[in-house]
Structure formats: C-alpha cells, structure tokens
1. Take PRO153 and tell me if it is farther than 27 Å from GLN439 by Cα and buried (at least 19 other Cβ atoms within 10 Å of the Cβ).
2. What number of residues within the range 210-233 are out of contact with any strand residue (DSSP E or B) (no Cβ under 8 Å at 6 or more places or on another chain) and in contact (Cβ under 8 Å) with a residue 12 or more places away in the chain?
3. Select from the range 355-385 the residues that are over 16 Å from LEU253 (Cα atoms) and of a type in the set (Gly, Ala, Ser) and list them in ascending order.
4. Restricting to the range 344-362, what's the tally of residues that are within 21 Å of PHE270 (Cα to Cα), crowded, with 20+ Cβ neighbours inside 10 Å and of a type in the set (S, T, N, Q)?
5. Could you run through the range 251-299 and say how many residues are without any contact (Cβ under 8 Å) to a residue 60 or more places away in the chain and within 15 Å of the ligand (Cβ to nearest atom)?
6. Would you pick out the residues in the range 234-250 that are in contact with a strand residue (DSSP E or B) (Cβ under 6 Å, 6 or more places away or on another chain) and within 15 Å of the ligand (Cβ to nearest atom)?
7. Do you know which of the residues in the range 225-243 that are part of a loop (DSSP other than H, G, I, E, B) and touching a helix residue (DSSP H, G or I) at 6+ places or on another chain (Cβ under 9 Å) is farthest from TYR391 (Cα to Cα)?
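The values are calculated or read from the model by the stated rules, or taken from the named source; none is laboratory data. This structure is a prediction, so every number in the text was calculated from the model and none was measured. No Cβ is skipped: glycine too gets one built from the backbone with ideal geometry, and neighbour counts run over all protein chains shown.
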Amino acid sequence: MATRDLDPAPGAPPADPPTTGRPTDAPPSGRRGLGRRALLGRAGLVGAGGIAAAATGALVEREIAPSGPSALDRERTRALAAMRATGPHQPGIVERPPAQLVFAAYDLTDVTTPARGRAGLRAVLTAWTRTAAALMAGDQPAGGGQRTLGLAPSALTVTVGLGASALRRAGLASAVPPQLAPIPAFPHDQLDPARGDGDLAVQICAEDPMVAASAARTLAIAARPYATSRWTQRGFRRSAAAAGDPFDTPRNLMGQLDGTDNPTAGTAQFDVAVWADTSAPGWMTGGSYLVARRIRMELDRWDLITVDAQEKIIGRRKGSGAPLSGGGEHTDPDFLARTADGSPLIATNSHVRLSHPQFNNGVRMLRRGYSYDDGLAATGDPDAGLFFLAYQADPRTAFTAVQRKLDRLDALSAFLRHTGSALFAVPPAAPTGGYLGQQLLEA
Ligand code: HEM
C-alpha cells in the first residue's frame, strides 16, 4: 500500500515531484537564500496586490505557465485529493503534512503465548493494510459507517508503526532492531505512562478533520479483537485553505516558524537522515523510526516575555524565521557571528544552536509534528503544545542524542514539559499483494 513518492490518484491534479516529495516547506536545494518576493518579482508576479503566489522557484516556474489553474489552486485541490501510494516507503512521511492528525497507540489483546501474540499481530497488520488502502482511496470500507460519504479523500495517509513490545510479545525478540532501544529518561521529563509507549501505532493525517477522525474509528474497528486502544493524541496544523501560501513554513503555538531546517525529500541528506540504514534488520529496509513526544508549552509564561527574549531563546527571528546572525529564513545560521561586545549572536543556550547538525555530528531528523490543544490541565493552565513527531534512521544518534542536550541546556526547556513518549519502528510498504510487516512475520 505504500510509497516513495505519494501521488494523487487518477483524477486528482497532476503530480509535481518537487512538490510531492517535499515534506516540509523548505525550498528545494539550490534555491536557498532566494527570497519569495525576489523570485516572484523576477517572474513578474508581485503586483499591486502584493505577493501573488508561492515560495519556491520550482513553484514560480510552474506558476507562470500560460494556462491552467495556478500552482496555488492546484496545491489546494491536491490537499483534498486521494493519495495513491507506490514505492518502498509507507505514506505519511515524505509529503507535506496536511492539517489534521489523529495518532493512536494500541496494545495487542491476547499475548498469553508468543504464538497467539504473533497471530494477533499478523491479523491487525493484515486488516490495517487492507483498510488503510481503501480509506486512502476515498472508499467506504467495512466499519466505515458511511461517515465520510460526500467528503473528499482529503489527502488521507495512514502510517503504521510497531513498538519493541509487540515484537517481544510475538516471540520475535531477536528481530527487535537496536534502533528501538528504549529512549532514556531525561532529568526534566514529566511523563505520564498513560500517554506513552504501545505495541502498535497508527498515524492518520488528512486535510479534513472528519476524514481523519472517521479513519481513526474505522481502523480501531478493524483492529478488533486483536488490539485495543492504549492512548490517542489529536493534532492540527494550519490548513491549505487558510494558508496564504501552503508552501510556507507553518507556525507552532508559540508563534515560531517550525520546520525551516528540515531535510529536503529527494536528497541524499534526507535518505541518510530518515530511512533505516544497513545496520537495521532486513525487515526494516525502506522503513524508518518514529519518535513521538507530547510536549506541553507553558504558554501563559511564554506569552509574557518579550519577542526579543523569545528570539534569543530560539536563535531565530520570530517574524521571518531568519537566524539571529542575519539573512533570510533559509540562510544558514552563522554560529561564529558576534555582537560588538563579543557575545554570540546566536546564544550558546539557544534551541537552534543546540539542535543544529553542526553540533550533533551532522545528524538530522525529519520533524513532522502537530500542534495540540487539549483544553485546560487540572491546574487551569492550557494543556496545549507540540505533539513532536520525528522520523529518523537511528533515534539513538538523532532524537536521544539531541534531547539529552536540550533537556540539560536549552533555554526553551524552561517553557516546555514532556508529558508523553513513544518510539516505533515504521516498516516499509507492504509487499505487492501482501501486508505491512510481512517481511518481519514471514522471514
Ligand atoms: C515544543 C517543543 C519544541 C519547539 C517549540 C521547537 C521549536 C523549534 C524551532 C522554532 C526551530 C527553528 C526552526 C526550524 O528549523 O524548524 C527548531 C529547530 C529544531 N528543533 Fe525544535 N522545537 C521543539 C522541540 C524539539 C525537540 C524535542 C527536538 C529534538 C530532540 C528538536 C529538534 C530540533 C532540530 C533538530 C531543529 C533544527 C535545527 C537546525 O538545523 O537549525 N526540537 N525547533
């Protein structure tokens, strides 16, 4: 059911690989530093009405095509289309995240013996493979309840992950990849066990909230009686319809542009950062590892400090996302740049400096998180923040290594509280006619 490049199904707007393959809003390589207005100006697209179209050179080139819908219109139409998965990877990783997320963790129900655990695991994965393909195509599968009749497929993607516990319960302890080593406890963690771990996980992304919620429900029904819900997290990003430009980097609930320096799909850098490498077991070839962290933001305190203070904490300008060393959003930060009095322009305890690949052995990860807002905590404070999701080749050298530093040194940590944590192996696409995880269960 899955994909390297996730293509709109027949009848959807034509696919543009540079767009489809870009999971973030970073410009394609080779375009760094070219401002949106400059590009549009070159193309004659900035008029009295201001910025007319999109952020990237690739898009501008398409925008000036003489006929047909604008690239912006096509992108908005694409946000409602059905996604057709082809290729070695599961969907829901490479392409730009749509507006809505439902993330659900599950536990196997019958693990009285490894054989029963294994049978249950196979049953769930088989059912989810079939159901996810139908849902993504915009069909009404069994258990669908006709809830989405009349709605567009909304770029729905379903991505399935396996926790180390599932493998152990299925008698497959020897197949647990070393990359699934437990994430260590960090000193400032305030984890709620009810919001963590799980034998299985499913990441459901769609532009429309009803499509996402209905898919989550249908997949829960499909998992019966072999797996039962453990915890769920809903999330959101700005919608394609509301975005002035769907290619721009979105903002998080602290107001920052979040996702600027993500690896760019289709590059060697992305492949190295995201896809399991040869040190992983064979069944993970084409797969990735997903870290989920529920991070509450202390928004009432954050909103009281000045924008200047907020920018120093991150190391980037809040409005433009430019590094404090100068330039535009996609200018590389200059960590050597100093003020007249000799202090670093990008502070040593800033989030960007501590997490930048330059100070982390060149390691990157694909951050694909969603904002969440679950109302009020028991204290009356907003229970809102970032449901951090990051795909990576090896969490030990990526998430865990970076978080170890952030937890200790990051100025942003004073405004954050990690309340949930989970780690999953995201296997490759199902073999043709087969099911997700088949390479593991039938090895
Ligand atoms: C609520 C929590 C967090 C917030 C609000 C946040 C915010 C940001 C912002 C605004 C940026 C700069 C723009 C960008 O490149 O995306 C950034 C960069 C980054 N963050 Fe976070 N972040 C959070 C948690 C984390 C965590 C837990 C990690 C990993 C352990 C992490 C890793 C990174 C990395 C690797 C970068 C890119 C650094 C670079 O290459 O310049 N962040 N984050």
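1. yes
2. First pass over the range 210-233, keeping only residues out of contact with any strand residue (DSSP E or B) (no Cβ under 8 Å at 6 or more places or on another chain): 210, 214, 217-218, 221-222, 224-225.
Filter once more, so that each one left must be in contact (Cβ under 8 Å) with a residue 12 or more places away in the chain: 210, 214, 217-218, 221-222, 225.
Of the residues in the range 210-233, 7 are out of contact with any strand residue (DSSP E or B) (no Cβ under 8 Å at 6 or more places or on another chain) and in contact (Cβ under 8 Å) with a residue 12 or more places away in the chain.
3. Keep residues of the range 355-385 that are over 16 Å from LEU253 (Cα atoms), which gives 355-366, 377-380.
Across the range 355-385, the qualifying residues are SER355, GLY362, ALA377, ALA378, GLY380.
4. Here the count works out to 1.
5. Quick first cut of the range 251-299, residues without any contact (Cβ under 8 Å) to a residue 60 or more places away in the chain only: 251, 268, 271, 278.
Cutting the leftovers down to within 15 Å of the ligand (Cβ to nearest atom) gives us 251.
Here the count works out to 1.
6. Within the range 234-250, the first condition is being in contact with a strand residue (DSSP E or B) (Cβ under 6 Å, 6 or more places away or on another chain), and the residues that meet it are 234-237, 249.
Within the range 234-250, GLY235, PHE236, ARG237, THR249 meet the criteria.
7. To start, the set of residues in the range 225-243 that are part of a loop (DSSP other than H, G, I, E, B) comprises 225-226, 237-243.
Keeping just the survivors that are touching a helix residue (DSSP H, G or I) at 6+ places or on another chain (Cβ under 9 Å) gives 225-226, 240-241, 243.
On the way: PRO225: 29, TYR226: 27, ALA240: 23, ALA241: 26, ALA243: 25 Å.
Ranking the qualifying residues of the range 225-243, first place goes to PRO225.
So that you can scan it fast, the table gives a plain yes or no per residue for (1) out of contact with any Pro (no Cβ under 9 Å at 6 or more places or on another chain); (2) modelled with pLDDT of 95 or more; (3) polar (S, T, N, Q):
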| residue | (1), (2), (3) |
| --- | --- |
| SER229 | yes, yes, yes |
| ARG234 | no, yes, no |
| ALA240 | no, no, no |
| PHE270 | no, yes, no |
| ALA273 | no, yes, no |
| THR278 | yes, no, yes |
